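The values are calculated or read from the model by the stated rules, or taken from the named source; none is laboratory data. The model shown is predicted, which means the values in this text are computed figures rather than measured ones. Note: ideal-geometry Cβ built from the backbone for every residue, glycine included; neighbour counts use all protein chains shown. Heads up: the accessible areas ignore ligands, DNA and RNA and are worked out on the full protein's heavy atoms, side chains in. Shrake-Rupley method; radii C 1.70, N 1.55, O 1.52, S 1.80 Å.
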Amino acid sequence: MNEQGDRSASSNSIEMNNCKGHLFILSAPSGAGKTTLAKAILNRFADMLYSVSYTTREPRNGEQDGLDYHFVQRDLFKKYIKEGKWAEWAEVHGNYYGTSAEFIDKNLAAGRDILLDIDVQGTIQLLERYPDSITIFIMPPSLDILRRRLELRGTDSKAVIARRLVNAKKEMARQDLYRHVIINDQLSEAIKELISTIEKYRAL
Ligand code: 5GP
């Protein structure tokens, strides 16, 4: 079993949700395999929308504007904070990241299910605004394995890896906020676990 703590095992924590879509929030320390898992979810559930976040960080190699992120300038991001355009926003690793309130509200009202890939700070804010959100935390098997994965990925300097690991420890300490915790030890098992978790809610 990959799932460490299924906090929705009792039927009363899986609420009926007939009139609007579901919000699935996925969080994980970087290097825990969240992007791969998010892609697997979107492949499996063709009608599920992905909430493309806005960020002020520079695009990485291969990342496409509007697909991976909406890449925006800091000034614009701050203006939208003032105008209340974010459903949630956070500063992560020195950059701003945010979720469009309009995108979420419009699509939830239209009955669409939405997948979000956001950090713990953003999850806390979204739970205030959308308390029925289904929160899922992806855990690496251990911090050592996470470090090795980040080193193998080869995209970050030693200093950046060290900062990501400090952040990972902090995020992992907040896993109790999430309804489901899935350990990504064997990728195929983690995908199965994740899909069956999501299917439970979509069947309601
Ligand atoms: P990365 O820069 O590696 O793509 O993402 C860094 C972190 O920012 C990840 O933990 C990711 O989940 C988080 N993140 C991405 N988009 C958002 C967002 O819209 N809001 C929040 N709060 N975090 C985000």
Report summary line: Only one of (1) within 11 Å of the ligand (Cβ to nearest atom); (2) assigned to a helix (DSSP H, G or I); (3) not acidic (Asp, Glu) does not apply to Leu76, and that is (1)
**Report entry** Positions within segment 162-204 being β-branched (Val, Ile, Thr), buried (at least 19 other Cβ atoms within 10 Å of the Cβ) and touching a helix residue (DSSP H, G or I) at 6+ places or on another chain (Cβ under 6 Å), in sequence order
**Finding:** Val181, Ile182, Ile191
Query raised in the report: Looking at Ala110, Ala87, which one is open to solvent by 60 Å² or more (accessible area, probe 1.4 Å) and touching a residue at least 40 places away in the same chain (Cβ under 8 Å)?
Result: Ala110
Report summary line: Counted residues in segment 90-116 being among the aromatic types (Phe, Trp, Tyr) and either in contact with a Lys or Arg (Cβ under 7 Å, 6 or more places away or on another chain) or more than 6 Å from the ligand (Cβ to nearest atom) (or both) come to 2
Requested in this report: Only residues that are over 21 Å from Tyr178 (Cβ atoms) and buried (at least 16 other Cβ atoms within 10 Å of the Cβ): list them for segment 90-100, please.
Outcome: Tyr96, Ser100
Requested in this report: Search segment 117-131 for residues being open to solvent by less than 30 Å² (accessible area, probe 1.4 Å) and more than 7 Å from the ligand (Cβ to nearest atom), and hand back the single one that is farthest from the chain's Cα centre (by Cα).
Outcome: Tyr130
